[in-house]
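The values are calculated or read from the model by the stated rules, or taken from the named source; none is laboratory data. Predicted model only: the values in this text are computed from it and were never measured. Neighbour counts run over all protein chains shown; Cβ positions are idealised from the backbone, glycine included.
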Amino acid sequence: MAENKCRLFKRCGGCQLEMSYPEQLEWKQDKCERMLSKFCKVEKIIGMKNPYNYRNKVQHGFYTNPKRQIISGIYQSNSGKIIPCENCNLEDLQADKIISTIRILMRNFKIFPYNPNTGKGLVRHVMIRKGFNSGQYLVCIVTSKREFPSKKHFVNELKKAHPYITTVVVNNCDNPMPLTMGDRETVVLGKGYIEDTLCGKKFRISAKSFYQVNPVQTEVLYKTAVEFAQLKSTDRVLDCYCGTGTIGIIASDFCGEVVGVELNEKAVEDARKNAENNGVKNITFTKNDSGKFMEQLAQSGEKCDVVFTDPPRTGSDKRFLESLGKLSPERVVYISCGIESLERDLKILKKLGYNAEKIQPVDMFPHTKHVECVVLMSKVQK
């Protein structure tokens with residue numbers, strides 16, 4: 001496999017490992033074993049055949065340089081500075097081409113990047129999402145003002161240059177933080193969302209919905225999680241932090257009932273629509289805090305056989321884990337994107353009566369230090 005050297009490695013910060021891909025996998029395996037092997041055996045990390053251009057979500061900011069040229073690029077890690085970038089080794093190549101066209105159109109239409117110092121200009125950033133299996137593309141242009149001069153003409157020219165674009169939305173945001181999005185959204189082209197297939201199920205992806213950025217490895221991750229759960233047709237499953245319902249909908253084929261819990265109201269709406277579109281009848285979704293919901297189930301004497309949990313990188317809070325202990329499912333499948341928080345949470349779950357049986361690392365983010373792990377925990381039989 002040819003190794004692609006990045007000339008922006010030290011400036012951008014998006015990649016953190018400047019070593020060959022086999023060396024990266026070895027580094028991540030060593031880290032997993034060092035931190036997690038005290039719980040149980042750590043399986044060999046599952047890497048990618050092609051660890052480049054895997055990101056199906058691309059976000060670039062814009063600014064005007066002293067020569068009045070419009071520049072686009074990646075926000076530098078831990079700063080608000082935009083690093084000019086084209087043909088990033090991690091990003092979808094077609095998305096990069098769309099962004100190049102947007103730069104040209106902005107110049108032609110005399111539309112300028114937003115300047116936070118002066119308050120002038122319009123375009124804050126652009127986000128592009130790709131349906132890996134469907135080939136559909138969503139373009140979201142985030143602006144500082146509601147008015148977008150010649151909006152339809154601009155989008156028509158963009159579509160003409162890239163016919164594979166399926167939908168374009170304009171999002172109006174007044175939050176000064178980089179890469180944030182507002183509540184006001186206008187669909188200019190298409191349905192306002194794209195669709196993609198994951199593990200044989202169809203999911204709709206809108207500009208603001210959560211969807212894993214590496215679809216190839218996401219299939220590996222979710223198939224591993226469902227396999228670890230050892231589901232039976234009589235099992236009742238709880239899917240915590242369920243987002244738009246991906247894991248629960250995939251698991252629904254193998255169990256009796258799934259309940260998905262998610263605090264984000266828009267995500268719950270998307271989850272219900274995804275279940276409907278896939279003809280899944282044995283799943284329900286509720287808007288609630290996952291820990292609070294498990295407490296309520298435990299207090300009312302209800303049971304769950306399996307709990308899936310896929311928390312943010314910071315891991316689960318103490319209340320969530322204690323609620324999990326009260327609900328007392330037979331098996332817990334913990335999907336983690338933060339190995340430090342995973343180590344902490346596994347210690348707490350061990351005290352609550354759960355033993356780790358399997359740990360499978362998956363390389364979801366090649367060239368970064370992040371490691372995703374799937375862990376099966378079983379309740380200790382007394």
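Could you tell me whether any residue of segment 366-376 is in a strand (DSSP E or B) and surrounded by fewer than 21 Cβ atoms within 10 Å (Cβ to Cβ)?
Scanning segment 366-376, I find no residue that is in a strand (DSSP E or B) and surrounded by fewer than 21 Cβ atoms within 10 Å (Cβ to Cβ), so the answer is no.
Of a type outside the set (K, R), out of contact with any Ser or Thr (no Cβ under 9 Å at 6 or more places or on another chain), surrounded by fewer than 20 Cβ atoms within 10 Å (Cβ to Cβ) and farther than 24 Å from G80 by Cβ: does that describe P176?
Judged against the criteria, P176 is not a match.
Helices (runs of 4 or more DSSP H) wholly in segment 252-363 with at least 3 residues that are farther than 24 Å from L221 by Cβ and small (G, A, S) - which ones?
Counting at least 3 such residues, we get no helices (runs of 4 or more DSSP H) at all.
Tally time: how many residues in segment 313-363 are basic (K, R), under 14 Å from V374 (Cα atoms) and without any contact (Cβ under 8 Å) to a residue 60 or more places away in the chain?
Total satisfying the criteria: 1.
In the set K347, K326, K351, which member is within 16 Å of E33 (Cα to Cα) and among the basic types (K, R)?
That would be K347, the only listed residue that is within 16 Å of E33 (Cα to Cα) and among the basic types (K, R).
Give me the pairs, please: first residue somewhere in segment 1-28 and charged (D, E, K, R), second residue anywhere and modelled with pLDDT under 65, beta-carbon distance under 6 Å, and either six or more positions apart or on two chains.
From segment 1-28, the pairs are E18/F9.
Within segment 38-47, restricting attention to residues that are of a type outside the set (A, V, I, L, M, F, W, C) and farther than 13 Å from L342 by Cβ, which residue is surrounded by the most Cβ atoms within 10 Å (Cβ to Cβ)?
Among residues in segment 38-47 that are of a type outside the set (A, V, I, L, M, F, W, C) and farther than 13 Å from L342 by Cβ, the one surrounded by the most Cβ atoms within 10 Å (Cβ to Cβ) is G47.
Do you know which residues across segment 266-304 are under 18 Å from C199 (Cα atoms), touching an Asp or Glu at 6+ places or on another chain (Cβ under 7 Å) and hydrophobic (A, V, I, L, M, F, W, C)?
Scanning segment 266-304 gives a single hit, A271.
Considering only segment 24-132, give the strands (runs of 3 or more DSSP E) lying wholly within it that have at least 3 residues that are β-branched (V, I, T).
Correct list: 70-75, 123-130.
Under 7 Å by Cβ, and 6 or more places apart or on different chains, what pairs join a residue from segment 257-280 that is over 21 Å from L297 (Cα atoms) and assigned by TED's automatic domain parsing to the domain that holds G243 with one that is aliphatic (A, V, I, L, M) and modelled with pLDDT of 95 or more?
N274/I249; A275/I249; A275/I283; N278/I249; V280/I249
Here's the yes/no breakdown for (1) surrounded by fewer than 16 Cβ atoms within 10 Å (Cβ to Cβ); (2) of a type in the set (D, E):
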{"position": "T314", "(1), (2)": "yes, no"}
{"position": "D317", "(1), (2)": "yes, yes"}
{"position": "K326", "(1), (2)": "yes, no"}
{"position": "I335", "(1), (2)": "no, no"}
{"position": "S341", "(1), (2)": "no, no"}
{"position": "D345", "(1), (2)": "no, yes"}
{"position": "N355", "(1), (2)": "yes, no"}
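Could you give me the residue pairs with C-beta distances under 6 Å whose first residue belongs to segment 216-236 and is within 16 Å of S336 (Cβ to Cβ), whose second residue is outside any helix (DSSP H, G or I) and among the polar types (S, T, N, Q) wherever it lies, and which are 6+ apart or on separate chains?
The qualifying pairs are T218/Q212; T224/Q360.
Just one of (1) surrounded by fewer than 18 Cβ atoms within 10 Å (Cβ to Cβ); (2) small (G, A, S); (3) in contact with a helix residue (DSSP H, G or I) (Cβ under 7 Å, 6 or more places away or on another chain) trips up G182, so point out which.
It fails just one condition, (3).
Condition check ((1) within 15 Å of the chain's Cα centre (by Cα); (2) in a loop (DSSP other than H, G, I, E, B); (3) hydrophobic (A, V, I, L, M, F, W, C); (4) not assigned by TED's automatic domain parsing to the domain that holds Y63) across all residues:
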{"position": "N156", "(1), (2), (3), (4)": "no, no, no, no"}
{"position": "K160", "(1), (2), (3), (4)": "no, no, no, no"}
{"position": "V168", "(1), (2), (3), (4)": "no, no, yes, no"}
{"position": "P178", "(1), (2), (3), (4)": "no, yes, no, no"}
{"position": "V187", "(1), (2), (3), (4)": "no, no, yes, no"}
{"position": "F228", "(1), (2), (3), (4)": "no, no, yes, yes"}
{"position": "L231", "(1), (2), (3), (4)": "no, yes, yes, yes"}
